[in-house]
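Participant: Please see the structure below; I have some questions.
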Amino acid sequence: MKGNRKTNAVRELERLGISVELLEYEVDEEDLSAVAAASKVSLPIERIFKTLVARGDDPKRDIVMACIPGASELDLKKLAALSGNKRMEMVHLKELLPLTGYVRGGCSPVGAKKGYPVYLDESAVGHETVAISAGQRGLQMILSPEDLIRATDATVGRITR
């Protein structure tokens with residue numbers, strides 16, 4: 001593993017025997033976008049996946065995490081269908097930290113407070129590696145889509161517009 005930053009996400013991947021590369025970059029509090037992260041770590045935006053948190057109407061699957069390419073938009077109807085909900089809405093920003101243990105710009109599908117269902121956009125499997133937040137702003141981890149799926153028990157499907 002390159003880098004020396006250990007977050008809950010990195011520790012969880014280590015526990016699972018999954019090797020990752022860490023990429024650090026300077027954070028601009030005014031622009032926490034995946035597009036900004038991609039340019040700072042010199043990766044194509046298609047390989048930077050952002051993690052969004054949504055709430056469904058089914059109490060058994062109410063909170064879910066969706067990982068989508070950085071320049072894409074989440075399709076809540078597709079996410080609802082894939083997750084077994086009738087409808088979905090994004091959680092309020094003020095709920096993100098209490099629900100996941102992560103802040104905006106540093107939310108990871110790995111190592112969250114609770115094991116929420118993870119839905120990964122199918123475009124990820126077309127890449128050798130993808131980057132996701134390592135659980136804090138300014139730190140991305142690079143891993144194979146297969147390792148991400150294994151680590152999060154992700155369901156793969158089309159969830160973008």
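Participant: I need to check one value: relative contact order of the chain, counting alpha carbon pairs closer than 8 Å and at least 6 residues apart, in percent.
Facilitator: Rounded, it is 27 percent for the chain.
Participant: What is the antiparallel percent of DSSP beta bridges lying wholly in segment 1-157, to the nearest 5?
Facilitator: Taking every DSSP beta bridge within segment 1-157, about 70 percent pair in antiparallel fashion.
Participant: Could you give the distance between the Cα centres of segment 101-161 and segment 43-63, to the whole Å?
Facilitator: Distance between centres, Cα-based: 8 Å.
Participant: Provide the packing ranking of 97-108, 29-40, i.e. peptides ordered by the mean count of other C-beta atoms within 10 Å per residue, highest first.
Facilitator: Descending mean neighbour count gives 97-108, 29-40.
Participant: Placing unit charges on C-beta atoms (Lys and Arg positive, Asp and Glu negative, everything else neutral), compute the dipole magnitude of the chain about its Cα centre in debye, rounded to 20.
Facilitator: I would put it at about 480 debye.
Participant: Same structure, new question: As a check on your grasp of the helix formula, calculate [θ] at 222 nm for the chain: sum -39500 (n - 2.57) over DSSP H runs of n ≥ 4, divide by the residue count, round to the nearest 500.
Facilitator: Helices in the chain give a 222 nm mean residue ellipticity of -6500 deg cm²/dmol.
Participant: Which one of Ala34, Val91, Ala81 has its Cα pushed farthest toward the positive end of the charge dipole of segment 1-109, where Lys and Arg give +1 and Asp and Glu give -1 at the Cβ?
Facilitator: The one lying farthest along the dipole's positive direction is Ala81.
Participant: For segment 70-124, treating each Cα as an identical point scatterer without solvent, what Debye log10 I(q)/I(0) comes out at q = 0.22 1/Å?
Facilitator: Taking Cα atoms of segment 70-124 as identical point scatterers yields -1.08.
Participant: Take the eigenvalues of the Cα gyration tensor for the chain, scale each by 5, and report the square roots as semi-axes in whole Å, largest first.
Facilitator: 23, 16, 16
None of the figures in this text is laboratory data; all of them are computed from the coordinates on show. Computed from a predicted model, the values in this text were never measured in an experiment. For neighbour counting, all protein chains shown are included, and Cβ atoms are generated from backbone atoms with ideal geometry for every residue, glycine included.
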